[in-house]
Amino acid sequence: MKNITVLSGGMGGARFLQGLRHAVAHGTLPGVAADAEITVVANTADDLWMHGLKICPDLDTVMYTLGDGIDLERGWGRRDESWSVKDELAAYGVEPTWFGLGDRDIATHLVRTQMLDAGYPLSAVTGALCNRWRPGVRLLPMTDDRVETHVAIADPSAPSGRRVVHFQEYWVRLRAAVPAEAVVVVGLEESTPAPGVLDAITGADLVFLPPSNPVVSVGTILGVPGVRDALRATEAPVVGLSPIVGGTHVRGMAHQMLTSIGVEVTAGAVGLHYGSRAGAGAGGVLDGWLVDEQDADQVDAVRAAGLACAAVPLMMTDLDATAAMAAAAVELVR
Ligand code: FO1
């Protein structure tokens, strides 16, 4: 196998990609050539405009992580960062002050915004930024169109009893500490896959759904018209790894997001939510689903839905652990 495609969000997906790239380079993936190419289709629904700049958190997290510019402790933004512009904006009383824009990171957003203003599509901008960062994968936005996840939360002062906030405000300012009553992905239905996205899926030898958020990261990519059909049509095996371990997310806010769409917060439920390509349910995209050893009791139910399933260690504690997860995923669907 030579062409691997990964549908990825930000932090969880980026960590998985580090291990996958490591495994490919060291030839530890069964049946995968050491010169196999990895294409990443990244979620862009976390994107937002702020201070006149277009910010693409998941694209940048993958690019910085694989390009070795990421701040490892935060898991987002640049290493060796400074915050002078952020402090100066706060000194002017400019809102919002809750979103951390580092000085080095701002250069990325300036280049991106200038190129978008000049008429380049986001996919071309991403390619240009990757010319510097050399992530060792082909990084594609899921779409070149503007798509933004918004979250409805309770607001007793509002006539409807609810108000909608951008996903980043829900996650960064509110710390996902209040229930997400509804998730609305603005622009998703009207979006079209970015150039290369559908081919990367239909032409793949192997497709991964990494342990990213199944609702606002992988879920949004699946929601781009044409993507789900491409996954159901590809001859490549499609295998996913659970972001839920022991009944909750490892990091992030998958618990809140799954609850808001009425999906049980278990490893098995997420696999069934993605669905089996061979199963009776419409729209299933998976052939195999890996759960953590803590969730081994759910393997039978997943298999009963027509999915290959195994329970293996799924904590991405280091490159070798993540590489072993990738190898187990390939083994499951080979
Ligand atoms: N996450 C935070 O928790 N606090 C921040 O201030 C913050 C700023 C930020 C700036 C640029 C960027 O690319 C990502 C940033 N993130 C921040 C992370 C971001 O919320 C996540 O990467 C995803 O959007 C959610 O998975």
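Counting heavy atoms of the protein chains alone, Val245 has an accessible area of about 10 Å² for a 1.4 Å probe. Restricting to Cα pairs below 8 Å that are 6+ residues apart, what does the relative contact order work out to for the chain? Please round to a whole percent. About 19 percent, as a whole number. Taking the Cα centre of the chain as origin and assigning +1 to Lys and Arg Cβ atoms and -1 to Asp and Glu Cβ atoms, the resulting dipole is close to 180 debye.
Taking N as the residue count of the chain, its C-alpha radius of gyration divided by 2.2 N^0.38 Å amounts to 0.96. Across region 316-323, rounded Karplus estimates of 3J(HN,Hα) from the backbone phi angles (6.51 cos²θ - 1.76 cosθ + 1.60, θ = phi - 60°) give 7, 6, 7, 4, 5, 5, 5, 4 Hz, Gly and Pro being marked x. Multiplying each eigenvalue of the alpha-carbon gyration tensor of region 114-189 by 5 and taking the square root yields semi-axes of 34, 14, 10 Å, largest first, rounded to whole angstroms. What residues qualify as long-range amide H neighbours of Val245, i.e. H under 5 Å apart, gap of 5 or more or another chain, H built at 1.01 Å from N? Amide H neighbours of Val245: Val250.
Atom-type composition of the exposed protein surface of the chain places 53 percent of the accessible area on carbon and sulfur (1.4 angstrom probe). Across Val238, Val186, Val41, mean-square fluctuation computed from a Gaussian network of the chain (C-alpha pairs under 10 Å connected) peaks at Val186. Under 5 Å from the amide H of Ser8 lie the amide H atoms of Val41, Ala42, Asn43, each residue being 5 or more positions distant or on a separate chain, with H modelled from the backbone and absent for Pro and chain starts.
Around the amide H of Leu314, modelled in the peptide plane, lie the amide H atoms of Glu293, all under 5 Å away and 5 or more residues distant in sequence or on another chain.
When the surface is traced with a 1.4 Å probe over the full set of protein chains, Thr5 keeps roughly 0 Å² accessible. The mean accessible area for residues of the chain, using a 1.4 Å probe and ignoring ligands and nucleic acids, is 41 Å² per residue. Using heavy atoms of the protein chains and a probe of 1.4 Å, the accessible area assigned to Asp205 is about 50 Å². Each distinct pair of alpha carbons in region 57-112 adds a 1/r term; the inverse of their mean, the Kirkwood radius, is 11.8 Å.
Between region 239-274 and region 282-317, the C-alpha centres lie 12 angstrom from each other. A 1.4 Å probe over all protein chains sorts Arg163, Arg78, Arg303, Arg132 by accessible area into Arg132, Arg303, Arg163, Arg78, starting with the largest.
Using a Gaussian network model of the chain whose springs link C-alpha atoms within less than 10 Å, name the residue from Thr259, Thr192, Thr317 with the highest mean-square fluctuation. Ranking Thr259, Thr192, Thr317 by mean-square fluctuation puts Thr317 first. Taken over the alpha carbons of region 247-306 as equal point scatterers, the Debye sum produces base-10 log I(q)/I(0) values at 0.20, 0.23, 0.29 Å⁻¹ of -0.76, -0.96, -1.22.
Karplus-derived 3J(HN,Hα) values for region 73-83, using 6.51 cos²θ - 1.76 cosθ + 1.60 with θ = phi - 60°, are 6, 6, x, 8, x, 8, 5, 6, 7, 10, 10 Hz; glycine and proline are entered as x.
The values are calculated or read from the model by the stated rules, or taken from the named source; none is laboratory data. Note that the structure is a prediction, hence the values are computed from the model and not measured. Quick reminder, even Gly has a Cβ in these numbers, built from the backbone with ideal geometry, and neighbours come from all protein chains shown. We work out accessible area using only protein heavy atoms, side chains counted, and drop any ligands, DNA or RNA first. Shrake-Rupley method; radii C 1.70, N 1.55, O 1.52, S 1.80 Å.
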